[in-house]
Amino acid sequence: MRKVAIIGVGMTDFGELWEKSLRDLTVQAGLEAIRDSGLPGEEIDALYAGCMSSGIFVQQEHIASLLADYCGLVPKSATRVEGACASGGIALRQAIMAVASGMHDVVVAGGVEKMTDILTEQTTMALACAADREWEAFQGVTFPGLYAMMARRHMHDYGTTEEQLSLVAVKNHENGAKNPHAQYRRPVTLEQVMNSSLIADPIRLLHCSPISDGAAAVVVCSKEKAKEARSEPIWVIGSGQASDTIALHDRKDITTMNATVVAVREALRMAGITQKYVDLVEVHDCFTIAEILAIEDLGFFEKGKGGPATQEGLTALNSQISVNPSGGLKSKGHPVGATGIAQIVEVVQQLRGQAGARQVKDAEIGMAHNVGGSGGTCVTHILSR
Amino acid sequence: MKVGITGHGAYVPRYRIRSRDIAVMWGQDPSAVEGGLGVIEKAVPGLDEDTITISVEAARYALKRAGIPATEIGALYIGSESHPYAVKPSGTVVAAAIGAGARMTVADYEFACKAGTAGIQTSMGLVGWGSIKYGMAIGADTAQGAPGDALEYSAAGGGAAFVIGPDDEDNVARIDHTVSMTTDTPDFWRRDGQPYPRHGGRFTGEPAYFKHVVETTKMMMGETGTKPSDFTYAVFHMPNKKFPERAAKTLGFESKQVEPGLVVERIGNTYSGSSLLGLCSVFDIAKPGDRIILTSYGSGAGADSFVLTVQPGIEKKRRLAPLTRDIINRKKYIDYATYVKYRQKLVFAE
């Protein structure tokens, strides 16, 4: 297997970008990534694009062709990848495999979602497509409900508190306030989070990531090509992907995401490291309970200790492990198909030392954790300077 | 020719329903709803009230203040998105009811919440040109909000009427300037035959209300060489309390300039009547020489901005018809069931 580097990153602002279309967003992020790489666009062999539901959000499918067309990549191979909210992370994994196998030398992995062109109810229904339609969504369960059940059980089994769920949001907003691309560039207080409206008990509004528009892209290449890059290459040292039952009720334990456990094990084995070498991790905090589950399942904290660890500040910027220095999905925004790639953009910028006020000191190794649905899909990547 | 407001009149139906009573009905947190929108209660038209009756009440008060015979009205425009008839003007009924003559032009206007100010602009044109002596411009609505929709907390009934005539110091106010902005922005709409409007949720904020209200007000201050501190009062369209407060803050107005016109808290959003009832409320207390800036907003979308200077005539005219605050304070609370009956929300299958 060939060594794989990331040599260019780009992303749009995340937010309610009323005046930008799906193609505008992708072109902006794609061009920025290519410019950042320093390689001429002609060198790109292929495109993998993660997108969850452009068909429902903007009534456009076949976006692989659309994006290749508008990014000026025609006639290069272009493939859309879908794995619900993990679409971006999986697109990157496809790009990595294409380069590692020797099939391609330079590949762009992108992610995009344009979610605000339709009404909130319709968006909720589109997102519910990532659950089991027959056994969950048709029964009226939407994602806040599914994650609320996980939260309730976690509280029951491990004594996790509402305050701990809320402190995840406080910490992520604090980081996001320092991220110029974040949808919510402002801190929130514990009181604001705990008094925000109840969505699905115990999940409150400020425990949820927002509905967002945005795109992100990275340029992946072989070791040889990385020599031509403008900046120091960031190396992909681990990649893991796993699946689980699509429906929450089919799992033995809903306080753990087994796909995360398996995916991170695979990625760590490939990297030949353990969790203690990781300086920062971007985790999939679609709801704040998801961050608590993630830091436990990824092995940074024992099962049941994610809440107290958050409360003790062990996940804050430049503490024991910097979790979501970008602000996470909660504060940065969550354009579902773009999220997995945006996490990689953050990790690369951190490892390059370009993260400004939210820089993790002396960051050498970073991890990204991207989840689809209620944990039916998980993909993790480990990058190193 | 300079033009002014010769007389004004306000009307708000007496029935009120509290936001918290609606919230309880739909399982919402009453305090969160009140705090979020800043609407405590809204005015509900009775069974025998509609845009026409509201317009007649307001127009009669406006005529009293104008002190002119109705036969001198040469044009009458009613802006509303709840004209009782799809085809047949509201304006003809109102003109007949107030005793206007036949030598006049009448039209019904629709531009979501800003059709009333569009009527003022048209009247200004005809009066300024000299083809008529007085024009009557009315903004009135019995706004629709689907049961359970966010609009149900604010969609209210009410209206205001203005006699537009030649500038005179015996008038209520002089209209110094008007400017408008129009774009094609689909934030809120109701198609023909549909009982309730639909809206683009959060899209109704930033790219719709705020963009148009803020830019048009800035345009107005640019064209008149004015700044926020030049005005005693500022009135902005009020779909809720939060929006006009935020627009005012963005533009640099202080709350003491905005507060007197913020009638939305106690009557809800009266759509075409909204900013105009805010202006009538300011006329309750304004003194000669006070300058007022008003910007209406209509979904779809556009905004009309006006700069007015209060004339000495206001002192004599103010008490010739009920004050706006007295009209607003004259109220009777109803429960949700009565509200459903009055607004004829129960529909039986044939």
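GNM, chain B, Cα, under 10 Å: largest mean-square fluctuation among B:GLY300, B:GLY128, B:GLY289? Among B:GLY300, B:GLY128, B:GLY289, the largest GNM mean-square fluctuation belongs to B:GLY289.
Could you compute the net charge surrounding A:ASP213? Neighbours are other residues with a C-beta less than 15 Å from the C-beta of A:ASP213; K and R count +1, D and E count -1.
On the way: positive: A:LYS20, A:ARG23, A:LYS114, A:LYS332, B:ARG202; negative: A:ASP13, A:GLU16, A:GLU19, A:ASP24, A:GLU113, A:ASP117, B:GLU206.
Its environment carries a net charge of -2.
Bridging of A:LYS171 to lysines at a Cα separation below 23 Å is possible for A:LYS276, A:LYS303, A:LYS305, A:LYS330, A:LYS332, A:LYS361, once same-chain residues fewer than 8 apart are set aside. At q = 0.08, 0.10, 0.12 Å⁻¹, what log₁₀ I(q)/I(0) does chain B have when each alpha carbon counts as one equal point scatterer in the Debye sum? For the requested q values the scattering log ratios are -0.33, -0.53, -0.77. Full extension of the chain segment joining B:THR250 with B:TRP26 gains 77.3 nm, where the gain is 0.36 nm per residue of separation less the Cα-Cα distance. Across chain A, the longest piece that holds none of the GluC sites (Glu not before Pro) lying in DSSP loops with up to 15 other C-beta atoms within 10 Å covers A:135-227. The ratio of the alpha-carbon radius of gyration of the protein assembly as shown to the globular-protein estimate 2.2 N^0.38 Å is 1.12. How many angstrom lie between the Cα centre of region A:263-328 and the Cα centre of region A:20-73? Taking the Cα centre of region A:20-73 as reference, the centre of region A:263-328 is 30 Å away. Which part of region A:279-321 falls in the paramagnetic zone of A:LYS361, meaning amide N under 18 Å from the point 7 Å along Cα-to-beta-carbon? Under cut-off, by backbone N: A:279-281, A:313-321. With the contact rule set at Cα under 8 Å and sequence spacing of 6 or more, what percent relative contact order holds for chain B? With pairs under 8 Å counted, the relative contact order is 26 percent.
What is the order of B:MET219, B:MET136, A:MET11, fewest Cβ neighbours within 10 Å to most?
Working: B:MET219 16, B:MET136 35, A:MET11 28.
With the fewest neighbours first, B:MET219, B:MET136, A:MET11 line up as B:MET219, A:MET11, B:MET136.
Label separation (B:LYS218 vs B:VAL347): 4.2 nm, computed from points 7 Å beyond Cα along the C-beta direction. Here the relative contact order of chain A, from alpha carbon pairs under 8 Å that lie six or more residues apart, stands at 26 percent. In region B:66-102, which residues have a backbone nitrogen under 13 Å from the label point lying 7 Å from B:ASP170's Cα in the Cα-to-Cβ direction? Inside the label zone: B:66-69.
Tally Lys/Arg at +1 and Asp/Glu at -1 over every other residue whose Cβ is under 14 Å from the Cβ of A:VAL323; what's the total? All intermediate terms of the calculation are to be shown ahead of the outcome.
Values: positive: A:LYS171, A:LYS305, A:LYS330, A:LYS332, A:ARG358; negative: A:GLU174, A:ASP279, A:GLU282, A:ASP285, A:GLU291, A:GLU296, A:ASP297, A:GLU312, A:GLU346.
Here the count lands on -4.
Taking Cβ atoms as reference points and 11 Å as the exclusive limit, the residues near B:GLU72 contribute a net charge of +2, counting Lys and Arg as +1 and Asp and Glu as -1.
For chain A, the normalised intensity computed at q = 0.09 Å⁻¹ comes to -0.44 (log10 of I(q)/I(0), Debye sum over alpha carbons, equal scatterers, no solvent). Taking the C-alpha atoms only, the angle from helix A:258-271 to the longest principal axis of chain A is near 40 degrees.
Across region B:173-314, Cα pairs under 8 Å and at least six residues apart give a relative contact order of 37 percent. Once both labels are positioned 7 Å from their Cα atoms along Cα-to-Cβ, the gap between A:ASP250 and B:HIS177 label points is 6.8 nm.
Residue separation of B:ALA337 and B:LEU323 scaled by 0.36 nm, minus their Cα-Cα distance, works out to 2.0 nm of gained length.
Mean residue ellipticity at 222 nm, helices only, chain A: -11000 deg cm²/dmol; runs of at least 4 DSSP H residues each add -39,500 (n - 2.57), and the sum is divided by the number of residues.
Taking the Cβ-Cβ separation of B:TYR85 and B:ALA146 as r and a Förster radius of 22 Å, what is the calculated FRET efficiency to the nearest 0.05? Don't skip to the answer; put the middle values down first.
On the way: r = 22 Å, r/R0 = 0.98.
For R0 = 22 Å, the calculated efficiency reads 0.55.
I'd like the distance between the alpha-carbon centres of region B:141-220 and region B:77-139, rounded to an integer number of Å. The distance from the Cα centre of region B:141-220 to that of region B:77-139 comes to 16 Å. Projected onto planes of every orientation and averaged, the convex hull of the alpha-carbon atoms in region B:173-314 covers 8.6 nm². Against chain A, whose longest principal axis comes from its Cα atoms, helix A:22-37 is set at around 60 degrees. Multiplying the residue separation of A:SER101 and A:GLU121 by 0.36 nm and subtracting their alpha-carbon distance yields 2.9 nm. Pairs over the 24 Å Cα-Cα cut-off, from the set B:LYS2/B:LYS249; A:LYS114/B:LYS218; B:LYS241/B:LYS331; B:LYS242/B:LYS316; A:LYS3/A:LYS114; B:LYS114/B:LYS345: B:LYS2/B:LYS249; A:LYS114/B:LYS218; B:LYS242/B:LYS316; A:LYS3/A:LYS114; B:LYS114/B:LYS345. Less than 16 Å from a label point 7 Å out along the Cα-to-Cβ axis of B:LYS133: which backbone N atoms in region B:150-165 qualify, by residue? Within reach of a label on B:LYS133: B:163-165. Loop sites here are chymotrypsin sites (Phe, Trp or Tyr not before Pro) outside DSSP states H, G, I, E and B with no more than 14 other Cβ atoms within 10 Å. The longest part of chain B free of them is B:86-347.
We did not get these values from a lab; they are worked out from the coordinates using the rules stated. Worth saying up front: this structure is predicted, and the values here are computed from it rather than measured. Quick reminder, even Gly has a Cβ in these numbers, built from the backbone with ideal geometry, and neighbours come from all protein chains shown.
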